[in-house]
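The structure's right below; bear with me while I get my questions together.
The values are calculated or read from the model by the stated rules, or taken from the named source; none is laboratory data. Since this is a predicted model, take the numbers as computed values, not measurements. Every residue, glycine among them, receives a Cβ derived from its backbone with ideal geometry; neighbour counts consider all protein chains shown.
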Amino acid sequence: MGLPEEMTASLEEGLDALVGLYRGFHAAPELSMQEHGTAAAIAEHLQSYGLETQTVGGTGVVAVIENGDGPVVAFRADTDGLPIEEATGLEYASTASGTLSDGTTTPVMHGCGHDTHITAGLEIARLLTLHREAWAGTVVMLFQPGEETAAGAAAMVADGLWDRVPRPEAVYGQHVWPSVAGTVALPVGTALAMADSLRVTVHGRQAHGSQPENAIDALVLAAYMVTRLQSVVSREIAGTDMAVVTVGTFHAGTKENIIPAKAVFELNIRTFEPDVRDRVLDAISRIIRGEAMAAGAPDPDIEEMYRFPHCFNDEEEAQTVLTALQEELGADRAVQKEPATGSEDFGTFADSLGVPGVFWFFGGFKTQTVENGVPGGNHSPYFAPDDVPTALSTGVRAGLTALFTRVGK
Ligand code: ZN
Ligand code: ZN
């Protein structure tokens, strides 16, 4: 088995150009659901391979590659950047900026490596059109915006995606991560955590700093909430279950001699199992409302910011893909992986059709640990693969290998 030689030869031949394409995307990241330039560039490349493109879900781009009778499968690549100021020092580092939903301007960076996903996805499409003799069926290429805010996959599905393209019988996708380039890692079963983000607005009563008897101190009350929320995982969740509760922002007050009437904090919750998720969310709500009641404060507002669904790798499908990846890349270069605590909205595509999905990780770096003590994981201002050719060629081979488990000849 393995990919046909002509296909890997074309990949090798085009690799320098592919690295150039990657650098272009790296230098021009855009924020979630604002990927207008990125979408235009993706569509232009797909069209240059002779494909028709559709705009789906705002800045999503879809191309259907038809190649005779056979199964229909889909491959997804996400396209958005992050509000991060790039600190890699690379000659093709981003100097782009964007506007957040609150109107503030921010530097933007491909800090999660979605530029590698776009580039690999385009090359997969190019090689599929170039080597039609190697496969039969239909491949739906999904270039999805807004992964970082969990908005994009849902927006594409809501925009009638599955009425506009043939419905796949399986969906595949991948993510670059800080591991050795040339390797892939694939979870069987749960792949990634569910994530819930909440914004809590605590209401009190403002008074002079010298007159606590006239106040309900929203700052102290919110601090109690944050402290007590630390006990959800340690005291309410079984040691064998995974849950993370992080309070990532906290804002209250304007001046040291004013007791503030309002405090706002935001939390992020990660879980692997739906029943654990329910339990954690119930506990959070109970603690926040209970603390407010104890302080004599009005009921706080708890608002859902966004929510990432379960990302589950169908076990049979994942095993089939893993075996094929081991044949293509070598058994030591394609390994099974434990679930990761990161989150993705990739699962939305397969879930919305009730078909299997498989999601894996591919390495981007010369060594496993990033050198010089620089924190270089995804979402770091230093995150950029330092072995781009190997990372891209592995991503392309992995994607084609997964697709060929169903459409390969
Ligand atoms: Zn990310
Ligand atoms: Zn990502």
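Right, THR55: within 16 Å of ligand 2 (Cβ to nearest atom), within 19 Å of ASP345 (Cβ to Cβ) and of a type outside the set (A, V, I, L, M, F, W, C) or not?
Values: within 16 Å of ligand 2 (Cβ to nearest atom): no; within 19 Å of ASP345 (Cβ to Cβ): yes; of a type outside the set (A, V, I, L, M, F, W, C): yes.
No: the conditions fail for THR55.
Pick from PHE75, PHE25: which is outside any loop (DSSP other than H, G, I, E, B) and more than 16 Å from ligand 1 (Cβ to nearest atom)? Show your work before the answer.
Working: PHE25 fails: more than 16 Å from ligand 1 (Cβ to nearest atom).
From the options PHE75, PHE25, the qualifying one is PHE75.
Now a separate question. Could you identify the single residue in PHE349, PHE361 that is farther than 21 Å from GLU91 by Cα, modelled with pLDDT of 95 or more and in contact with a Phe, Trp or Tyr (Cβ under 8 Å, 6 or more places away or on another chain)?
Details: PHE349 fails: in contact with a Phe, Trp or Tyr (Cβ under 8 Å, 6 or more places away or on another chain).
After ruling out the rest, the residue left standing is PHE361.
Conditions tested, residue by residue: (1) part of a helix (DSSP H, G or I); (2) within 30 Å of PRO168 (Cα to Cα); (3) modelled with pLDDT under 95; (4) in contact with a Lys or Arg (Cβ under 8 Å, 6 or more places away or on another chain).
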site: VAL247; (1), (2), (3), (4): no, no, no, no
site: LYS255; (1), (2), (3), (4): no, no, no, no
site: ASP299; (1), (2), (3), (4): no, no, no, yes
site: LEU322; (1), (2), (3), (4): yes, yes, no, no
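Please indicate, with yes or no, whether at least one residue in the range 153-172 is assigned to a strand (DSSP E or B), touching a residue at least 40 places away in the same chain (Cβ under 8 Å) and either more than 24 Å from MET33 (Cβ to Cβ) or not assigned by TED's automatic domain parsing to the domain that holds PRO71 (or both). Break it down into steps so the answer makes sense when it comes.
Applying the first criterion (assigned to a strand (DSSP E or B)) to the range 153-172 yields 171-172.
Those still in the list that are touching a residue at least 40 places away in the same chain (Cβ under 8 Å) too: 171-172.
Those left that are additionally either more than 24 Å from MET33 (Cβ to Cβ) or not assigned by TED's automatic domain parsing to the domain that holds PRO71 (or both): none.
No: the range 153-172 contains no residue that is assigned to a strand (DSSP E or B), touching a residue at least 40 places away in the same chain (Cβ under 8 Å) and either more than 24 Å from MET33 (Cβ to Cβ) or not assigned by TED's automatic domain parsing to the domain that holds PRO71 (or both).
Can you confirm whether the range 303-320 contains a residue that is in contact with a helix residue (DSSP H, G or I) (Cβ under 6 Å, 6 or more places away or on another chain), of a type in the set (Val, Ile, Thr), within 16 Å of ligand 2 (Cβ to nearest atom) and in contact (Cβ under 8 Å) with a residue 40 or more places away in the chain?
First, pick out the residues of the range 303-320 that are in contact with a helix residue (DSSP H, G or I) (Cβ under 6 Å, 6 or more places away or on another chain): 309-311, 320.
So of that shortlist, the ones also of a type in the set (Val, Ile, Thr) come out as 320.
Then drop every residue that is not within 16 Å of ligand 2 (Cβ to nearest atom), which leaves none.
Checked the range 303-320: no residue is in contact with a helix residue (DSSP H, G or I) (Cβ under 6 Å, 6 or more places away or on another chain), of a type in the set (Val, Ile, Thr), within 16 Å of ligand 2 (Cβ to nearest atom) and in contact (Cβ under 8 Å) with a residue 40 or more places away in the chain.
Pick out the one residue from ALA40, ALA9 that is among the hydrophobic types (A, V, I, L, M, F, W, C), more than 30 Å from ALA151 (Cβ to Cβ) and without any contact (Cβ under 8 Å) to a residue 12 or more places away in the chain. So that I can check it myself, show each step before the final result.
Values: ALA40 fails: more than 30 Å from ALA151 (Cβ to Cβ).
Answer to the selection: ALA9.
Do we have PHE404 as assigned to a strand (DSSP E or B) and either away from ligand 2 (no atom under 16 Å from the Cβ) or under 21 Å from the mean Cα position of the chain (by Cα) (or both) here?
Numbers: assigned to a strand (DSSP E or B): no; either away from ligand 2 (no atom under 16 Å from the Cβ) or under 21 Å from the mean Cα position of the chain (by Cα) (or both): yes.
Spelling it out, it is not the case that PHE404 is assigned to a strand (DSSP E or B) and either away from ligand 2 (no atom under 16 Å from the Cβ) or under 21 Å from the mean Cα position of the chain (by Cα) (or both).
Condition first: touching a Ser or Thr at 6+ places or on another chain (Cβ under 6 Å), of a type in the set (Val, Ile, Thr) and within 16 Å of ligand 2 (Cβ to nearest atom). Can you find one or more residues in the range 154-164 that meet it? Explain how you work it out, then say what you get.
Step one: list which residues in the range 154-164 are touching a Ser or Thr at 6+ places or on another chain (Cβ under 6 Å), which gives 154, 157.
Restricting the remaining residues to those that are of a type in the set (Val, Ile, Thr) gives 157.
Now restrict to residues that are within 16 Å of ligand 2 (Cβ to nearest atom): none.
Within the range 154-164, none of the residues are touching a Ser or Thr at 6+ places or on another chain (Cβ under 6 Å), of a type in the set (Val, Ile, Thr) and within 16 Å of ligand 2 (Cβ to nearest atom).
Let me ask another. Go through the range 326-370 and count every residue that is polar (S, T, N, Q) and within 15 Å of ligand 2 (Cβ to nearest atom).
3
Among residues belonging to the range 282-299 that are of a type in the set (A, V, I, L, M) and surrounded by fewer than 19 Cβ atoms within 10 Å (Cβ to Cβ), point out the one that is nearest to VAL73 (Cα to Cα). Can you show your working first?
Of all residues in the range 282-299, those of a type in the set (A, V, I, L, M) come to 283-284, 287-288, 292-295, 297.
Those still in the list that are surrounded by fewer than 19 Cβ atoms within 10 Å (Cβ to Cβ) too: 293-295.
Working: MET293: 53, ALA294: 55, ALA295: 56 Å.
The selected residue is MET293.
Out of ARG199, ARG132, which single residue is farther than 30 Å from PRO300 by Cβ and over 20 Å from the mean Cα position of the chain (by Cα)? Can you show your working first?
Values: ARG199 fails: farther than 30 Å from PRO300 by Cβ.
Sole residue among the options that is farther than 30 Å from PRO300 by Cβ and over 20 Å from the mean Cα position of the chain (by Cα): ARG132.
While we're looking at this one, here's another question. Inspect all residues belonging to the range 27-37 and state whether any of them is touching a residue at least 60 places away in the same chain (Cβ under 8 Å) and closer than 24 Å to ARG397 by Cβ. Give the steps one after another, and end with the answer.
Taking the range 27-37 as the starting set, the residues that turn out to be touching a residue at least 60 places away in the same chain (Cβ under 8 Å) are 27-35.
Those left that are additionally closer than 24 Å to ARG397 by Cβ: none.
No, there is no match, as no residue in the range 27-37 is touching a residue at least 60 places away in the same chain (Cβ under 8 Å) and closer than 24 Å to ARG397 by Cβ.
So which residues in the range 108-152 are within 12 Å of ligand 1 (Cβ to nearest atom) and either surrounded by fewer than 24 Cβ atoms within 10 Å (Cβ to Cβ) or not in a helix (DSSP H, G or I) (or both), if there are any at all?
MET109, HIS110, GLY111, CYS112, GLY113, GLY146, GLU147, GLU148, THR149, ALA150
So, one more: From the list GLY98, GLY113, pick out the single residue that is assigned by TED's automatic domain parsing to the domain that holds GLY160 and at positive phi.
GLY113 is the lone residue from the list that is assigned by TED's automatic domain parsing to the domain that holds GLY160 and at positive phi.
Moving on to the next point. Looking for something outside any helix (DSSP H, G or I), without any contact (Cβ under 8 Å) to a residue 60 or more places away in the chain, out of contact with any strand residue (DSSP E or B) (no Cβ under 7 Å at 6 or more places or on another chain) and among the β-branched types (Val, Ile, Thr) - is there at least one such residue anywhere in the range 206-227?
No, the range 206-227 contains no residue that is outside any helix (DSSP H, G or I), without any contact (Cβ under 8 Å) to a residue 60 or more places away in the chain, out of contact with any strand residue (DSSP E or B) (no Cβ under 7 Å at 6 or more places or on another chain) and among the β-branched types (Val, Ile, Thr).
In the range 257-273, which residue that is in a loop (DSSP other than H, G, I, E, B) and among the hydrophobic types (A, V, I, L, M, F, W, C) is surrounded by the most Cβ atoms within 10 Å (Cβ to Cβ)? Don't jump to the end; show me each part of the working.
Going residue by residue through the range 257-273, those that are in a loop (DSSP other than H, G, I, E, B) are 257, 260-261, 272-273.
With the extra rule that they be among the hydrophobic types (A, V, I, L, M, F, W, C), the set shrinks to 261, 272.
On the way: ALA261: 19, PHE272: 21.
Top of the filtered list is PHE272.
Go through the range 300-350 and report how many residues are within 16 Å of ligand 1 (Cβ to nearest atom), of a type in the set (Gly, Ala, Ser) and either at positive phi or surrounded by fewer than 22 Cβ atoms within 10 Å (Cβ to Cβ) (or both). Working first, answer last.
To start, the set of residues in the range 300-350 that are within 16 Å of ligand 1 (Cβ to nearest atom) comprises 305-309, 311, 340-348.
Still in the list and also of a type in the set (Gly, Ala, Ser): 340, 342-343, 347.
In the following step, the residues that additionally are either at positive phi or surrounded by fewer than 22 Cβ atoms within 10 Å (Cβ to Cβ) (or both) were identified as 340, 342.
So the answer is 2.
Also, I was wondering about something else. Select, from GLU44, GLU12, GLU35, the only residue that is at pLDDT 95 or above, buried (at least 21 other Cβ atoms within 10 Å of the Cβ) and out of contact with any His (no Cβ under 9 Å at 6 or more places or on another chain).
GLU35
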